[in-house]
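S.K.: Okay, here's the structure, questions in a sec.
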Amino acid sequence: MITLLDYGAGNVRSVINAIERIGETVKVAMTPEDIMSAEKLVFPGVGAFGNMMNILGAKNFISPLKDYLDADRPFFGICLGMQALFERSDEALGTEGLGIFKGLVQRFTTDLAVPHIGWNGVRIQQASRIFNGFKGDEKFYFVHSYHITPEDDYVRLTTTDYGYEFVSAVQRGNIIGTQYHPEKSGSAGLKLLKNFIDSAAASHGPITASTTTRLAKRIIACLDVRANDQGDLVVTKGDQYDVREEGEVRNLGKPVELARRYYHEGADEITFLNITGFRDFPLEDMPMIEVLKKTSRNVFVPLTIGGGIRDYTDKDGRHYSALEVADAYFRSGADKISIGSDAVTIAEEYLNTGSASGKTAIEEISRVYGNQAVVISIDPRRVYVASPDSVPHQVVPTAIPGPEGERFCWYECTIKGGREGRPVDAVTLAQICEKLGAGEILLNCIDRDGTNSGFDLELVNAVKNAVTIPVIASSGAGCTDHFYDVFSKTNAESALAAGIFHRREVPIGEVKSYLKDKVEIRPFVDIEDSP
Ligand code: 1PR
């Protein structure tokens with residue numbers, strides 16, 4: 001029996017699913033006594049340090065937790081659950097940590113994109129049972145902007161490189177903590193958890209102090225989801241956002257099944273976009289909540305969900321905040337949420353007022369769940385112009401001339417699934433959303449969507465060069481070369497595709513085999529269900 005400490009973190013459901021997947025039962029600690037009576041304690045955390053410590057305090061969990069840890073009883077802290085073991089964090093100055101380990105939690109000081117999101121390796125510093133059966137070249141999933149700096153070297157379990165070497169896991173006796181998320185690191189992650197639970201095992205894991213670790217480029221499978229005319233929830237796919245063929249909504253399969261197929265095919269992340277979310281309300285009949293719950297039971301890579309995340313008042317006058325919608329998605333197994341139309345509205349308000357209200361969906365959700373959990377989905381289309389100063393927008397020179405031979409264009413943002421253009425350009429939108437707390441940009445392109453003609457590299461470069469957060473290139477993938485192009489001609493951290501995967505034209509495994517030895521990729525491993 002595993003006792004799980006739930007302070008309201010976003011990833012609790014994923015951790016429960018992972019522990020149940022390896023055959024263990026989970027009990028959620030509801031009282032201080034539950035902590036003291038735990039056989040093994042798992043503490044998943046994601047979000048913001050200050051918020052976490054305040055909730056632990058409010059639940060009177062701090063002193064039983066300290067007693068439990070001082071007694072060196074089996075403990076596994078994940079991400080913030082590990083950071084809590086330290087004394088203080090830059091993320092919440094003035095808030096005390098548990099102080100079980102000496103040292104601080106600091107924000108990355110690298111020129112690379114922060115947050116550090118994706119699959120990176122580990123350098124194993126001490127023999128530990130949690131690495132029994134590992135080769136040492138496995139990658140694990142990271143999603144964080146802060147990392148620990150332990151004072152004592154002997155507690156270092158693994159280190160990882162991201163601009164510089166940082167400590168990515170600690171162990172002292174029975175107390176273990178990882179910055180990376182075993183519940184979202186595929187079969188390698190499930191094996192790590194299984195090894196923790198198998199506490200009788202001797203420690204004979206490898207020590208790999210010399211290897212260099214690299215963050216992999218991510219291959220993301222995207223499922224555009226909506227109800228078809230018969231009311232069934234289907235995965236559909238637009239051609240430049242038009243999802244109808246002979247009047248019918250294209251039906252490319254069932255969301256839960258397709259997501260599972262992409263997990264087994266080696267997708268690094270899976271994204272669900274509820275493409276009619278702008279008109280129907282996610283918490284009304286909750287179709288996507290069910291999709292998430294079912295998917296997260298069998299898929300152990302990060303799940304992003306988007307569509308309809310905004311403040312909303314239903315027909316009975318009941319008001320819902322965007323944060324409430326995000327809560328429901330996180331508690332159902334999502335790791336990140338994606339905001340589309342509402343981000344454009346927020347940016348327009350920001351441009352009109354010149355200041356942040358502090359109450360926008362981006363600010364509220366990133367405050368509680370951390371900026372790494374907030375993705376902005378941008379739906380732009382090219383507008384050609386004769387000269388850079390002919391419009392009040394950020395204009396990009398282009399090698400692809402316009403209808404009149406124009407050599408410049410700007411990228412007009414749209415809302416409501418490309419149905420309505422707004423006077424904001426994609427570069428400006430990305431910059432404003434980063435300022436308001438977004439952690440990643442999902443950069444679609446209506447012109448390229450479903451065309452198999454390749455990613456719009458000029459758009460990707462324009463946005464990537466304007467922000468410091470990771471960018472996902474999306475729309476237009478038609479062959480393996482298009483992925484090599486976007487990773488060799490831009491600094492995008494990820495590339496997303498839909499149509500070619502749904503239609504089995506280019507399987508994810510083929511993309512990965514083609515990119516292997518060309519760019520850093522998480523190797524495609526044909527994973528069985530059990531670790
Ligand atoms: O505006 O917050 O409710 O969110 C709605 C979400 O749904 C947004 O993220 C928006 O991008 C998405 N969306 C809305 N309408 C459509 C549509 O297709 N009619 N799909 C749509 C967006 C774009 C990509 C697609 C890539 C790759 N789809 O996600 O998967 O273009 O496709 P490809 O590889 O086949 O070229 P809100």
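The values are calculated or read from the model by the stated rules, or taken from the named source; none is laboratory data. Everything numeric here is computed off the predicted structure, so don't read it as measured data. Every residue, glycine among them, receives a Cβ derived from its backbone with ideal geometry; neighbour counts consider all protein chains shown. Heavy atoms of the whole protein, side chains included, go into the accessibility calculation; ligands, DNA and RNA do not. Shrake-Rupley method; radii C 1.70, N 1.55, O 1.52, S 1.80 Å.
S.K.: Quick check on A426: is it out of contact with any Phe, Trp or Tyr (no Cβ under 6 Å at 6 or more places or on another chain) and on the phi < 0 side of the Ramachandran plot? Steps first, answer last, please.
M.R.: Details: out of contact with any Phe, Trp or Tyr (no Cβ under 6 Å at 6 or more places or on another chain): no; on the phi < 0 side of the Ramachandran plot: yes.
No.
S.K.: Considering I220, I207, I305, I289, which residue is closer than 23 Å to L515 by Cβ and of a type in the set (A, V, I, L, M)? Before the answer, list the steps.
M.R.: Numbers: I207 fails: closer than 23 Å to L515 by Cβ; I305 fails: closer than 23 Å to L515 by Cβ; I289 fails: closer than 23 Å to L515 by Cβ.
Sole residue among the options that is closer than 23 Å to L515 by Cβ and of a type in the set (A, V, I, L, M): I220.
S.K.: While we're here: Could you give every pair whose Cβ atoms fall below 7 Å, whose first residue belongs to the stretch 335-351 and is charged (D, E, K, R), and whose second residue is near the ligand (Cβ under 10 Å from one of its atoms), counting only separations of at least 6 or pairs across chains?
M.R.: As it stands, the answer is D335/T304; K336/T304; K336/V375; D342/I309; D342/R310; D342/A322; D342/A361, since those pairs meet every condition given.
S.K.: A further question on this structure: Name the residues in the stretch 114-146 that are within 18 Å of Q372 (Cα to Cα), assigned to a strand (DSSP E or B) and open to solvent by 10 Å² or more (accessible area, probe 1.4 Å), would you?
M.R.: Residues of the stretch 114-146 that are within 18 Å of Q372 (Cα to Cα), as a first pass: 114-120, 140-146.
Narrowing the set further to residues that are assigned to a strand (DSSP E or B) leaves 116-120, 140-144, 146.
Result: V143, Y146.
S.K.: Filter the stretch 52-71 for residues that are of a type outside the set (D, E, K, R) and in contact with a Leu (Cβ under 9 Å, 6 or more places away or on another chain); which is most open to solvent (accessible area, probe 1.4 Å)?
M.R.: Just the residues of the stretch 52-71 that are of a type outside the set (D, E, K, R), to begin with: 52-58, 60-65, 68-69, 71.
So of that shortlist, the ones also in contact with a Leu (Cβ under 9 Å, 6 or more places away or on another chain) come out as 52-53, 56, 61-62, 65, 68-69.
Numbers: M52: 0, M53: 9, L56: 0, F61: 1, I62: 48, L65: 0, Y68: 0, L69: 3 Å².
Only one residue fits best here, namely I62.
S.K.: Collect the residues in the stretch 463-474 that are part of a loop (DSSP other than H, G, I, E, B) and open to solvent by 10 Å² or more (accessible area, probe 1.4 Å), keeping them in residue-number order.
M.R.: At the first step, the residues of the stretch 463-474 found to be part of a loop (DSSP other than H, G, I, E, B) are 465-470.
Scanning the stretch 463-474 gives N465, A466, V467, T468.
S.K.: Taking the residues in the stretch 203-226 that are of a type in the set (G, A, S) and open to solvent by less than 50 Å² (accessible area, probe 1.4 Å) as candidates, determine which candidate is farthest from F455 (Cα to Cα).
M.R.: To start, the set of residues in the stretch 203-226 that are of a type in the set (G, A, S) comprises 203, 205, 209-210, 216, 221.
In the following step, the residues that additionally are open to solvent by less than 50 Å² (accessible area, probe 1.4 Å) were identified as 205, 216, 221.
Working: G205: 42, A216: 19, A221: 15 Å.
Filtering first and then ranking leaves G205.
S.K.: Any idea how many residues of the stretch 481-525 are in a helix (DSSP H, G or I) and more than 13 Å from the ligand (Cβ to nearest atom)? Write out each step before concluding.
M.R.: Step one: list which residues in the stretch 481-525 are in a helix (DSSP H, G or I), which gives 481-489, 499-502, 508-515.
In the following step, the residues that additionally are more than 13 Å from the ligand (Cβ to nearest atom) were identified as 481, 484-485, 487-489, 509-510, 512-515.
Number of matching residues: 12.
S.K.: Are there any pairs with C-beta distances below 8 angstrom linking a residue in the stretch 369-382 that is among the acidic types (D, E) to a residue that is within 10 Å of the ligand (Cβ to nearest atom), with the two at least 6 apart or on different chains, and if so which?
M.R.: So the pair list comes out as D379/Y241; D379/G340; D379/T414; D379/I415; D379/G417; D379/G418; D379/N444; D379/I446.
S.K.: Of all residues in the stretch 237-263, which are more than 16 Å from the ligand (Cβ to nearest atom) and either of a type in the set (V, I, T) or open to solvent by 60 Å² or more (accessible area, probe 1.4 Å) (or both)?
M.R.: The answer is E246, K254, V256, E257, R260.
S.K.: Of the conditions (1) within 14 Å of the ligand (Cβ to nearest atom); (2) surrounded by fewer than 18 Cβ atoms within 10 Å (Cβ to Cβ), P388 fails just one. Which one is it?
M.R.: (1)
S.K.: Also, quick follow-up: Check whether at least one residue in the stretch 401-424 is closer than 28 Å to D335 by Cβ, in contact (Cβ under 8 Å) with a residue 24 or more places away in the chain and among the aliphatic types (A, V, I, L, M), and report yes or no.
M.R.: Going residue by residue through the stretch 401-424, those that are closer than 28 Å to D335 by Cβ are 411, 413-418, 424.
Add one more test, that the residue is in contact (Cβ under 8 Å) with a residue 24 or more places away in the chain, and what stays is 411, 413-418, 424.
The next check asks that each one be among the aliphatic types (A, V, I, L, M); those that pass are 415, 424.
So far as the stretch 401-424 goes, yes, one or more of its residues are closer than 28 Å to D335 by Cβ, in contact (Cβ under 8 Å) with a residue 24 or more places away in the chain and among the aliphatic types (A, V, I, L, M).
S.K.: Let me ask something additional. Filter the stretch 31-51 down to the residues that are surrounded by fewer than 23 Cβ atoms within 10 Å (Cβ to Cβ), touching a residue at least 40 places away in the same chain (Cβ under 8 Å) and within 23 Å of S199 (Cα to Cα) and list them by number.
M.R.: Within the stretch 31-51, K40 is the sole residue that qualifies.
S.K.: With farther than 20 Å from A259 by Cβ and among the hydrophobic types (A, V, I, L, M, F, W, C) as the only criterion, which of V225, V167 stands out? Full working, then the answer.
M.R.: Details: V225 fails: farther than 20 Å from A259 by Cβ.
Matching residue, one of V225, V167: V167.
S.K.: Can you find a residue in the stretch 398-416 that is open to solvent by 50 Å² or more (accessible area, probe 1.4 Å), within 16 Å of the ligand (Cβ to nearest atom), under 27 Å from the mean Cα position of the chain (by Cα) and of a type outside the set (S, T, N, Q)? Write out each step before concluding.
M.R.: Quick first cut of the stretch 398-416, residues open to solvent by 50 Å² or more (accessible area, probe 1.4 Å) only: 399-401, 403-404, 407-408, 416.
Those still in the list that are within 16 Å of the ligand (Cβ to nearest atom) too: 416.
With under 27 Å from the mean Cα position of the chain (by Cα) added as a condition, the list becomes 416.
Going one step further and asking which of them are of a type outside the set (S, T, N, Q), we end up with 416.
Within the stretch 398-416, one or more residues are open to solvent by 50 Å² or more (accessible area, probe 1.4 Å), within 16 Å of the ligand (Cβ to nearest atom), under 27 Å from the mean Cα position of the chain (by Cα) and of a type outside the set (S, T, N, Q).
S.K.: Open to solvent by 40 Å² or more (accessible area, probe 1.4 Å), free of Cβ contacts under 8 Å to residues at least 40 places away in the same chain, more than 30 Å from S366 (Cβ to Cβ) and not polar (S, T, N, Q): does that describe A200? Before you say what the answer is, go through the steps one by one.
M.R.: Details: open to solvent by 40 Å² or more (accessible area, probe 1.4 Å): yes; free of Cβ contacts under 8 Å to residues at least 40 places away in the same chain: yes; more than 30 Å from S366 (Cβ to Cβ): yes; not polar (S, T, N, Q): yes.
Criteria met by A200.
S.K.: With I22, I16, I55, I35 as the choices, which residue is β-branched (V, I, T) and more than 26 Å from the chain's Cα centre (by Cα)? Outline the logic, then answer.
M.R.: Working: I22 fails: more than 26 Å from the chain's Cα centre (by Cα); I16 fails: more than 26 Å from the chain's Cα centre (by Cα); I55 fails: more than 26 Å from the chain's Cα centre (by Cα).
So the residue among I22, I16, I55, I35 that is β-branched (V, I, T) and more than 26 Å from the chain's Cα centre (by Cα) is I35.
S.K.: So in the stretch 429-462, with the set limited to residues that are open to solvent by 20 Å² or more (accessible area, probe 1.4 Å) and away from the ligand (no atom under 12 Å from the Cβ), which one is farthest from E493 (Cα to Cα)? Before the answer, list the steps.
M.R.: Taking the stretch 429-462 as the starting set, the residues that turn out to be open to solvent by 20 Å² or more (accessible area, probe 1.4 Å) are 431, 434-435, 447-448, 450-453, 457-458, 461-462.
Add one more test, that the residue is away from the ligand (no atom under 12 Å from the Cβ), and what stays is 431, 434-435, 457-458, 461-462.
Values: Q431: 17, E434: 16, K435: 19, L457: 13, E458: 15, N461: 12, A462: 14 Å.
Only one residue tops the list, namely K435.
S.K.: So which residues in the stretch 148-166 are open to solvent by less than 10 Å² (accessible area, probe 1.4 Å) and under 21 Å from the mean Cα position of the chain (by Cα), if there are any at all?
M.R.: We begin by selecting, within the stretch 148-166, every residue open to solvent by less than 10 Å² (accessible area, probe 1.4 Å); these are 148, 155, 157-160, 166.
The answer is I148, T160, F166.
One line per residue, one yes/no per condition, for (1) touching a Cys at 6+ places or on another chain (Cβ under 9 Å); (2) assigned to a loop (DSSP other than H, G, I, E, B); (3) under 28 Å from G266 (Cβ atoms); (4) away from the ligand (no atom under 16 Å from the Cβ):
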{"position": "Q171", "(1), (2), (3), (4)": "no, no, no, yes"}
{"position": "Y180", "(1), (2), (3), (4)": "yes, yes, yes, yes"}
{"position": "K191", "(1), (2), (3), (4)": "no, no, yes, yes"}
{"position": "S199", "(1), (2), (3), (4)": "no, yes, no, yes"}
{"position": "A202", "(1), (2), (3), (4)": "no, yes, no, yes"}
{"position": "T208", "(1), (2), (3), (4)": "no, yes, yes, yes"}
{"position": "R218", "(1), (2), (3), (4)": "no, no, yes, no"}
{"position": "D224", "(1), (2), (3), (4)": "no, no, yes, no"}
{"position": "V235", "(1), (2), (3), (4)": "no, no, yes, no"}
